[in-house]
């Protein structure tokens, strides 16, 4: 139907001061509020729609959808 959708995947969240952000370099590590291996959030137009897992195929990253939230859960978010 050619309706544009903004799809994003959220690995986790953190808060950093501008000073800390300006000090980031290649190879810097940013701690997130989720552990490695936890499901990632899949958002469409900034609305949580599903959960997934990060996969690597031939050195490319992707996301495998593992759970689609039901309508009532989507409305709560």
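When residue 38 is tested against (1) closer than 21 Å to residue 7 by Cα; (2) not in a loop (DSSP other than H, G, I, E, B), only condition (2) is not met.
Of the residues making up segment 4-18, those that are exposed (fewer than 10 other Cβ atoms within 10 Å of the Cβ) and more than 17 Å from residue 33 (Cβ to Cβ) are 4, 5, 6, 18. With respect to being surrounded by 13 or more Cβ atoms within 10 Å (Cβ to Cβ) and at negative phi, residue 52 fits the description.
Of all residues in segment 1-35, those that are outside any loop (DSSP other than H, G, I, E, B) and within 12 Å of the chain's Cα centre (by Cα) total 4. Within segment 41-67, the residues that satisfy the criterion of being in a strand (DSSP E or B) and in contact (Cβ under 8 Å) with a residue 24 or more places away in the chain are 41, 42, 43, 44, 47, 48, 49, 52, 54, 63, 66, 67.
Quick note: the coordinates plus some simple rules give every number you see, no bench work behind them. Everything quoted here is computed from the prediction, not taken from an experiment. Note that we place each Cβ from the backbone using ideal geometry, even for glycine, and neighbour counts take in every protein chain shown.
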